[in-house]
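What follows is a set of notes on a single structure, which appears directly below.
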Amino acid sequence: MKQTQTLRMNYEFSRVYQKGRYISARHVVLHYLKRNGSQNRLGITASRKVNGSVRRNRMKRLLRESYRLVENQIKPGYDLVLVGRDSTVPPDLKTVYPEVMRLLQRAGLYRPVPQKPDTGSNGTET
């Protein structure tokens, strides 16, 4: 996470929870708050209802990786908190990543980076 700072203090999380907005999905809740600045700040946590430290830490790793994959496509200047939710079936990256993408799109924070047109294998267009 090169362009993103980390939320570490309790009051930073509390500010996002109290003054920000949120969107939820089956496995993930996204809390976000617009702020001044050119960088995003990210906090990752898992609900206490996710029983067992192994499951909580796995959920946080999945959320961190999902964010890392879309980090370059998120509008700057936001405090974000991703909260992992409990489920009967332990989620994997294939279920968490699309949810994170969908939540960011619904919040209006996702801006796709334009891709260069494919020029073929030898570099010339046909």
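Restricting to Cα pairs below 8 Å that are 6+ residues apart, what does the relative contact order work out to for the chain? Please round to a whole percent.
About 30 percent, as a whole number.
If Lys and Arg each add +1 and Asp and Glu each add -1, what is the summed charge of the other residues whose beta carbon sits under 12 Å from the beta carbon of E12?
That works out to +4.
Over segment 49-112, what number does the Rg to Rh ratio reach, with both radii from the alpha-carbon atoms and Rh per Kirkwood?
Result for segment 49-112 is an Rg/Rh of 0.99.
In terms of modelled amide H atoms, which long-range or inter-chain residues lie less than 5 Å from the amide H of V28?
The answer is R85.
Please get the size of the charge dipole for the chain, origin at its Cα centre, with Cβ charges of +1 on Lys and Arg and -1 on Asp and Glu, quoted in debye to the nearest 20.
Dipole of the chain, to the nearest 20 debye: 600 debye.
Express the accessible area of the chain per residue in Å², computed with a 1.4 Å probe while the remaining protein chains stay in the model.
That works out to 67 Å² for each residue.
Could you check what % of the DSSP bridge pairs in segment 25-85 are antiparallel, to the nearest 5?
55
If you take percent of Cα pairs over 21 Å apart from the coordinates, which of (i) 42; (ii) 35; (iii) 57 do you get?
The value matching this structure is (i).
The values are calculated or read from the model by the stated rules, or taken from the named source; none is laboratory data. Since we're looking at a predicted model, the values are computed, not measured. Please note: Cβ atoms are built from the backbone with ideal geometry, for glycine as well, and neighbour counts cover all protein chains shown. Keep in mind that these areas ignore ligands, DNA and RNA; they rest on the heavy atoms of the full protein, side chains included. Shrake-Rupley method; radii C 1.70, N 1.55, O 1.52, S 1.80 Å.
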